[in-house]
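Taking it in order: structure first as structure tokens, then the write-up.
The values are calculated or read from the model by the stated rules, or taken from the named source; none is laboratory data. Every value quoted in this text rests on a predicted model; they were computed, and no experiment measured them. FYI the Cβ positions are ideal-geometry reconstructions off the backbone, even for glycines, and counts take in every protein chain you see. Note: areas computed on protein heavy atoms with side chains; ligands, DNA, RNA excluded. Shrake-Rupley method; radii C 1.70, N 1.55, O 1.52, S 1.80 Å.
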Amino acid sequence: MTYTFYLAYPSKAVTPVMIAIRNKGQRITISTGVSVSPKDWDNEGKKILKSDDDYKRKMADIRQVEEKVKNVIKRAEFEERDLAFVQSHLQEKSKYTSIVKQKSGDAMEFFKYWAENSFGTHNANRFTTYSYRVFAEFVSGAKLTFDDIDYNLYIELLSWMKQKKGYKPNMQGQIIKNLKAMMNEAYKRGYHTNEKYRQFVKPKEEVENIYLTLEELDRIYQLPLIGTQAMARDLFLLGCYTAMRFSDYSKLTLWDMHGDLIKKRQQKTGTVVIIPIHPRVREILTKYNGAPKISQTLLNRYIKSVCQQAGINERIPVVTEDKKVVYYRKWELVTSHTARRSGATNMYLSGMPTISIMKITGHTTERVFLNYIKITNEQNARDMAENPFFKGK
């Protein structure tokens, strides 16, 4: 048995790097999961040139795949097995391999695999399985190749989600985003050449990114709650008084408390943040021996009810996809991320230096930070009213 590297589509601007394995006139192909520009590929040496911006990482990935292929081939030759054994064993290793004649294979099979193994961005993977289920319901068991996923199907899917499922634009957008991500992953692996998915536009609704005031947080804190509602409220408050992301405040432990400070390595950036401990944060962490154990899905479900009970009913305008303005009650717009935004905004309004808050939130520029926090026009006007200019001095 022999193997060699090659470019799937050398005439394209970017192409997947493949491995062809041959034995007695038969061939199977395996994607390395790496894509390059043909100009950065050494066809004689069968390797990526150092001119590629991500040369080291890509070569490391390729060598890792190559090592797996070598080991499987050695075992196959020792046991006198054929390519079917190699293919089967590599499927067991990588879960998904491609035979040349199957370039337009079952898209739904790959979509399911992709969803279950979370090949999306690090923060959105919890939604991939749901996206697969919605798309599977849409195709109703039909055999779907990668080439079938074109602009016409995209339009039909949008109409179906709106008319039959009643999904709002942001929900539609999440599913389209994951469909595109799945198609892109399959493209990089060399399973198809269909690039029509790049035309798909993610619908979205301009939702008002709200924050809760300190007075509203007091009302939430004072609610006499029990069970899951109480856990959701308490977990939410951890985010409100630390300005951390859900991925961080939901994993706080007693070990993260060092005297009057919290020291926590952020999951997203890998950097360590140091935050003064608010009395309510200490109370909650002590009460639950760490952060309350509740999923982000349950938190998003229960915190709306909690905020409704706290009388957080302000009418908030939202611009829809067709540029119309509709109004929601404020409690309807509260999510797990509202906690972080509330924390950052209230810190800013309390007079803390912007640069100090940015060390907690991770924003790199003041312009981006000020766009992130939510200062209402009324609050802005009240702050300006204290300026000597408006005092007539």
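With a Förster radius of 41 Å, plug the Cβ-Cβ distance of residue 247 and residue 215 into 1/(1 + (r/R0)^6) and report the FRET value to the nearest 0.05.
Numbers: r = 28 Å, r/R0 = 0.68.
The computed FRET efficiency comes out at 0.90.
With Rg and the Kirkwood Rh both taken from Cα atoms, where does Rg over Rh land for the chain? Let's see the in-between values first.
Details: Rg = 26.3 Å, Rh = 24.8 Å.
Radius of gyration over Kirkwood radius for the chain works out to 1.06.
Using 1/(1 + (r/R0)^6) with R0 = 41 angstrom and r between the beta carbons of residue 140 and residue 289, what's the FRET efficiency to the nearest 0.05? Spell out each step's value before the answer.
Details: r = 48 Å, r/R0 = 1.16.
Rounded to the nearest 0.05, the efficiency is 0.30.
Give the separation of the Cα centroids, segment 332-370 to segment 223-243, in Å.
Using only Cα atoms to place each centre, the spacing works out to 19 Å.
Using just the Cα positions, wrap segment 133-206 in a convex hull and report its mean projected area in square nanometres, one decimal place. Working shown, then result.
Numbers: hull surface 19.6 nm².
Spelled out: convex hull of the Cα atoms, projected over all directions, averaged, 4.9 nm².
What relative contact order, as a whole-number percentage, does the chain give when Cα pairs under 8 Å and 6 or more residues apart are counted?
On the way: 520 pairs, mean separation 46.8, N = 393.
Here the relative contact order equals 12 percent.
In sequence order, what are the phi-derived ³J(HN,Hα) couplings for segment 136-152 according to the Karplus relation 6.51 cos²θ - 1.76 cosθ + 1.60 with θ = phi - 60°, rounded to whole Hz, with x for glycine and proline?
For segment 136-152, the Karplus-derived couplings read 5, 5, 5, 7, 6, x, 5, 6, 10, 8, 4, 5, 6, 8, 10, 5, 4 Hz, x marking Gly and Pro.
Compute the accessible area per residue over the chain, keeping the other protein chains in place, probe 1.4 Å, unit Å².
Solvent-accessible surface per residue comes out at 55 Å².
Please report, in whole Å, how far the alpha carbons of segment 229-366 spread along each principal axis, starting with the longest.
Here the Cα extents, ordered largest to smallest, are 49, 36, 26 Å.
Rounded, prolate or oblate: which one fits segment 234-304, using the alpha carbon gyration tensor with axes a ≥ b ≥ c (rounded when a/c is under 1.5, else prolate when a/b beats b/c, else oblate)? Display every interim value, and only then the final one.
On the way: a/c = 1.88, a/b = 1.27, b/c = 1.48.
The shape class here is oblate.
To the nearest 10 degrees, how steeply does helix 107-117 sit against the main Cα axis of the chain, on a 0 to 90 scale?
Once rounded, the angle reads 50 degrees.
What size of dipole, in debye to the nearest 20, comes out for the chain about its Cα centre when the only charges are +1 on Lys and Arg C-beta atoms and -1 on Asp and Glu C-beta atoms?
Working: 64 positive and 43 negative charges, 48 e Å.
Dipole of the chain, to the nearest 20 debye: 240 debye.
Within the chain, what whole-number % of the accessible surface is contributed by carbon and sulfur, with the 1.4 Å probe and all protein chains included in the calculation?
Working: 10670 of 21530 Å².
That share works out to 50 percent.
Past the 21 Å Cα-Cα mark, which pairs from 202/324; 46/180; 46/70; 263/330?
Values: 202/324 18 Å; 46/180 30 Å; 46/70 16 Å; 263/330 32 Å.
Correct reply: 46/180; 263/330.
Measure off 7 Å from each Cα along the Cα-to-Cβ vector at residue 263 and residue 106, then give the distance between these two points in nanometres to one decimal.
It is 5.2 nm.
Modelled label-to-label distance, residue 298 and residue 20, 7 Å Cα→beta-carbon offset: nm?
Here the answer is 5.4 nm between the modelled labels.
Mean separation of Cα pairs under 8 Å and 6+ residues apart, divided by the residue count of segment 183-271: what relative contact order is that in percent? Numbers along the way, then the final one.
On the way: 27 pairs, mean separation 11.4, N = 89.
13 percent.
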